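Colleague: Encoded as structure tokens, here's the structure I'll be asking about.
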Amino acid sequence: MTLSEELAEYVRACFSGIWIETHEPDEALAEIGQLCRAEAWRLAAWNLEAGLRVAGHATDEPPTAHDPLAAVRSAERLAAREGAGLLVLENFHRFLGSAEIVQAVARQIQLGKQQRTFVLILAPLVDLPPELEKLFVVLEHRLPGREQLQQIAQEIASQEGELPTGLELEAVLDAAAGLTRYEAEGAYSLSLVREGRLAPSVLWSVKSQQLKKTSLVSLHAGTERFDDLGGLEALKAFCLRALRRPGSTVCRPRGVLLVSPPGCGKSALCKSLGNEVGRPTLRLDVGALMGSLVGETERNVRRALAIAEAMQPCLIFADEIDKGLSGVAASGQTDSGVSARLFGTLLTWLSDHTSDVFVVATANDVSRLPPEFTRAERFDGVFFIDLPTRLQKDAIWKIHRERFGIGAERARPDDELWTGAEISACCRLATLLDVPLTAAAQHVVPVAVSAAESLSRLRTWASGRCLAADRAGIYRFDSKPRRRRGIRLDPSDN
């Protein structure tokens, strides 16, 4: 439903106070103007710079035309026996700190019920004082959809180039998703100047700059692929099959939770998955969502999720989420329940969202995560990534030998308890220090040794609870030591 269609319903239902959340007030005002012309409604608009403007009337402005209080009172002049009168106030949230203006707005909304005059506030955020909360309904002026983005691309490309078609056009529209109309026009123009055509890479660079204005999410710009990551065959196949399946609003992939000791490839898989399926990867910093002001944390969570939904189809990469949510259990005693409310908002979105956003979360210590976080329908699967097997280690050694230019003839150290990160570190140190791999291994302490107790607890927890990342099925860990096979001795030999 468009803004004009939704607004027409609320006006006919006589909601005399309407707050429109928009980052494009000019576009919103243009839609409202078209609606008023079609319905023969009276329209007046006010902002601090231009003052009061009445559609269809060119009159000399009175001395109070730039006064916000006078602008509110001018709504009464729009009253008539038939039709409706709409007063649009741009960025008026800046003036709602005045008790006099708040009282005037409340009075005008009450009068609007009888006079059929409507107060519309255009603002980039919803910031209502308590006195007005029950008097306003909030509408959202949504970002342009694919049809509008394609129309803008057609207008720009017709002037300086050709509009791509087929899969190339779909890639351009995917890259433009989440931009405002103004931002899309600029991104398309920059692409034509830089590449001579509409190129998705240029649009992604523009979008990355837009995300830098907020610290809530960032765009990962790496070039990693699955070929750079050894092992995890079952996990790779699961993600590729889920993301490459033709989606619908009824059945869309939700995401995966990856649990493992440090250095086993969780983060590497997250970074490479987006490149494999052609989706942007947004990094979500849970710690950055915390705000110092009352209500700021909850607003940050909603804003971060809104950004992700605006950029769909995309991936959200939430690294070390167990640390970001570790204080949920004691939130009431430590931070007045802020962490618990953040967690609740995130849980609700994970279960209910219908957007094409795939969440990949990683954790090292699942004991810090509340049990409701891992239940079914939050994620499509909870995978445990164990230490790599012998075949996986051989693949990892090959990848990092080629990466650091180490010949296959150089002897490898004993890597029985090593992770992929430790193999990478050994190859890097051998190149950095110009020493053999066996000498570089003396500077590597495996996490399976330094955190043996934690690894044992993690394996025990994951056994029967998680899917295996290297093979199909449930992960099973046999904690009983295997008996050695050997020559049976006669008791008398003792």
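Colleague: Diagonalise the Cα gyration tensor of the range 223-291 and give the resulting equivalent ellipsoid semi-axes, square root of 5 times each eigenvalue, largest first, whole Å.
Modeller: 20, 19, 12
Colleague: Another question, if that's okay. Just for the chain, what percent of DSSP beta bridges are antiparallel, to the closest 5?
Modeller: Here the antiparallel bridges make up roughly 15 percent for the chain.
Colleague: Mind pulling the angle between the C-alpha long axis of helix 233-244 and the longest principal axis of the chain? Nearest 10 degrees, somewhere in 0 to 90.
Modeller: That works out to roughly 20 degrees.
Colleague: Once you keep just the Cα pairs under 8 angstrom separated by 6 or more residues, what percentage relative contact order results for the range 1-159?
Modeller: About 34 percent, as a whole number.
Colleague: Right, something else. Would you grab the residues whose amide H sits under 5 Å from the one on residue 380? Only those 5+ places off in sequence or on another chain, please, with H modelled 1.01 Å from N.
Modeller: Amide H neighbours of residue 380, under 5 Å, 5+ apart: 254, 255, 256.
Colleague: Quick one: how many Å² of residue 389 are accessible to a 1.4 Å probe, rounded to 10?
Modeller: Near enough 60 Å² of accessible area.
Colleague: On a 0 to 90° scale, report how tilted helix 452-462 is relative to the longest principal axis of the chain, with both axes built from alpha carbons and the result rounded to the nearest 10.
Modeller: For 452-462 against the chain, the angle is about 60 degrees.
Colleague: If eta is 1.306 mPa s and T is 10 °C, what Stokes-Einstein diffusion coefficient results for the chain, Kirkwood Rh from Cα pairs, in µm²/s?
Modeller: Approximately 59 µm²/s, per Stokes-Einstein.
Colleague: Looking at the range 385-445, I'd like the Rg to Rh ratio, where Rg is from alpha-carbon atoms and Rh is Kirkwood's inverse mean 1/r.
Modeller: Computed over Cα atoms, the ratio is 0.92.
Colleague: So, one more: Under a point-charge model restricted to the Cβ atoms of Lys and Arg (+1) and Asp and Glu (-1), what is the dipole moment magnitude of the range 134-222 relative to its Cα centre, in debye to the nearest 20?
Modeller: Details: 9 positive and 11 negative charges, 108 e Å.
That gives the range 134-222 a dipole magnitude of about 520 debye.
Colleague: Any idea what diffusion coefficient the range 62-193 gets from Stokes-Einstein, in µm²/s, Kirkwood Rh on alpha carbon pairs, 37 °C, 0.692 mPa s? Write down the numbers at each step before the final one.
Modeller: Values: Rh = 17.9 Å.
Here the translational diffusion coefficient equals 183 µm²/s.
Colleague: From the phi angles alone, apply the Karplus equation (6.51, -1.76, 1.60; θ = phi - 60°) to the range 30-44 and give each ³J(HN,Hα) in whole Hz, x where the residue is Gly or Pro.
Modeller: Values per residue, Gly and Pro as x: 5, 5, 5, x, 4, 5, 5, 5, 5, 9, 6, 9, 7, 9, 9 Hz.
Colleague: For the range 306-437, what are Rg and Dmax over the alpha carbons, in angstrom?
Modeller: 20.5, 60
Colleague: Which log10 I(q)/I(0) values does the range 119-193 give at q = 0.12, 0.15, 0.25, 0.26 Å⁻¹ under the Debye formula, counting every alpha carbon as one identical point scatterer?
Modeller: One equal scatterer on each Cα of the range 119-193 leads to -0.47, -0.60, -1.14, -1.21.
Colleague: Here is a follow-up. To the nearest Å, what is the center-to-center distance of the range 197-219 and the range 261-287, using C-alpha atoms only?
Modeller: The range 197-219 and the range 261-287 have Cα centres separated by 17 Å.
Colleague: So how tilted is helix 390-404 from the main axis of the chain? Cα-based, degrees 0 to 90, rounded to 10.
Modeller: So the helix axis and the longest Cα principal axis differ by about 70 degrees.
Colleague: When only Cα pairs under 8 Å and 6 or more residues apart are kept, what is the percent relative contact order across the range 269-321?
Modeller: For the range 269-321, the relative contact order is 51 percent.
Colleague: Probe radius 1.4 Å, ligands and nucleic acids left out: which of 22, 165 has the largest accessible area, and how do the rest follow?
Modeller: Ranked from most to least accessible, the order is 165, 22.
Colleague: Please work out the ratio of the alpha-carbon Rg of the range 86-159 to 2.2 N^0.38 Å and round it to two decimals.
Modeller: The value comes to 1.53.
Colleague: How high is the relative contact order of the range 174-213, in percent, counting Cα pairs under 8 Å that sit 6 or more residues apart?
Modeller: 43 percent
Colleague: Moving on. So what's the back-of-envelope 222 nm ellipticity for the chain, counting only DSSP H runs of four-plus at -39500 (n - 2.57) apiece and dividing by all residues, rounded to 500? Don't jump to the answer; show the numbers that get you there.
Modeller: On the way: 19 runs with 211 residues, N = 494.
So the helix-based figure for the chain works out to -13000 deg cm²/dmol.
The values are calculated or read from the model by the stated rules, or taken from the named source; none is laboratory data. Note that the structure is a prediction, hence the values are computed from the model and not measured. Counting neighbours? That spans all protein chains shown, and the Cβs are built from the backbone with ideal geometry, glycine included. Each accessible area value is taken on the protein alone, full model and side chains, heavy atoms only, with ligands, DNA and RNA left out. Shrake-Rupley method; radii C 1.70, N 1.55, O 1.52, S 1.80 Å.
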